[in-house]
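> My questions all concern the structure below.
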C-alpha cells in the first residue's frame, strides 16, 4: 500500500510539481515544505541557546524582556525572505504552523523558555485580516503551542488602528506608527503570567515593543519574544 501511495504521489508530481517554499525548486512528496538544501542552508540564529543575544540586546533599556529567540536570520534576496514572502503574500499559511512545530521543540528544550505560560500572536487589523484571509503569526503561534504544550490565545491583543506599511520606515518612524495601535482584549487571562509574544519577522522591534508595553501594565506579568526571522542590522 505504501509503495502504491508513493507511485501515485510521484505520478501526480509530474503534472503538479511541489516546490520548495524557500527557493522554488522542485521537491519530492516525501520532503517537507522546504528542500533538503534549504533545511541545511537556512541561517539559524540559535538565539534560544543564549540568555543574552542580538535580539534581547535590541530592547535593553526599553522594556524588561525575559528571553527572545528567532529561527532564522533575515536578509534581502535570501532564502529566508523567500519563505516569509510565501507565508505573508502567497497564501502559504501552513508555513507558519510547520515552522512553529519545529521551533517549538527547540524552545521547549531551552532553559530560557521553560517558564512560558501563554503564547500570544501579534494581531492584524481586522481590515488587513479580511484582505489577507489569515494572520501569518497565528499559525506560528499554534505550532509553537502544540510543540511546547503551552496554550495560545489568538485574541489577547487587538489592533485598533490601521497603520501604513512599516517596510521603508526607520525605527523611530515605526515606533510612532504603531505606538497606539494595540489594546488589551483579554487581559484577565494574561495577568501574572509569562507571555511569549510571537510575530513573523523582527526588524526594528517597534511592533513587538508596542505589544509588550500593553501587556506589561498587568501586574506580575513577564514577556518574551519569538519570531520566525530576525533582521540582522
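The values are calculated or read from the model by the stated rules, or taken from the named source; none is laboratory data. Since we're looking at a predicted model, the values are computed, not measured. Don't worry about glycine lacking a Cβ; one is built from the backbone with ideal geometry, like all the others, and counts go over all protein chains shown.
> Can residue 201 be described as touching a residue at least 40 places away in the same chain (Cβ under 8 Å), under 17 Å from residue 135 (Cβ atoms) and touching a strand residue (DSSP E or B) at 6+ places or on another chain (Cβ under 9 Å)?
yes
> Scan region 99-138 for residues that are exposed (fewer than 15 other Cβ atoms within 10 Å of the Cβ), closer than 19 Å to residue 21 by Cβ and either at pLDDT 95 or above or out of contact with any helix residue (DSSP H, G or I) (no Cβ under 8 Å at 6 or more places or on another chain) (or both) and jot them down.
133, 134, listed by residue number.
> Return the residue satisfying two criteria in turn: it lies in region 163-190 and is crowded, with 20+ Cβ neighbours inside 10 Å and touching a strand residue (DSSP E or B) at 6+ places or on another chain (Cβ under 8 Å), and of such residues it is modelled with the lowest pLDDT.
Selected residue: 181.
> Just the residues that are within 16 Å of the chain's Cα centre (by Cα) and farther than 19 Å from residue 105 by Cβ, please, taken from region 57-74.
Answer for region 57-74, where residues must be within 16 Å of the chain's Cα centre (by Cα) and farther than 19 Å from residue 105 by Cβ: 73, 74.
> While we're looking at this one, here's another question. So for region 139-152 (the condition being out of contact with any helix residue (DSSP H, G or I) (no Cβ under 9 Å at 6 or more places or on another chain), outside any helix (DSSP H, G or I) and either over 17 Å from residue 215 (Cβ atoms) or at pLDDT 95 or above (or both)), does at least one residue qualify?
Scanning region 139-152 turns up no residue that is out of contact with any helix residue (DSSP H, G or I) (no Cβ under 9 Å at 6 or more places or on another chain), outside any helix (DSSP H, G or I) and either over 17 Å from residue 215 (Cβ atoms) or at pLDDT 95 or above (or both).
> Sticking with this structure for a sec: Which residue is surrounded by the most Cβ atoms within 10 Å (Cβ to Cβ), if the candidates are limited to region 40-80 and must be without any contact (Cβ under 8 Å) to a residue 12 or more places away in the chain and assigned to a helix (DSSP H, G or I)?
So the residue we want is 57.
> Additional query: Against the condition assigned to a helix (DSSP H, G or I), within 12 Å of the chain's Cα centre (by Cα) and surrounded by 16 or more Cβ atoms within 10 Å (Cβ to Cβ), how does residue 96 come out, does it pass?
So residue 96 passes the test.
> Quick check on my filter: what residues within region 191-208 are in contact with a helix residue (DSSP H, G or I) (Cβ under 8 Å, 6 or more places away or on another chain) and either in a strand (DSSP E or B) or at pLDDT 95 or above (or both)?
195, 196, 197, 198, 199, 200, 201, 202
> Given the structure, is residue 114 farther than 16 Å from residue 208 by Cβ and part of a loop (DSSP other than H, G, I, E, B)?
So residue 114 passes the test.
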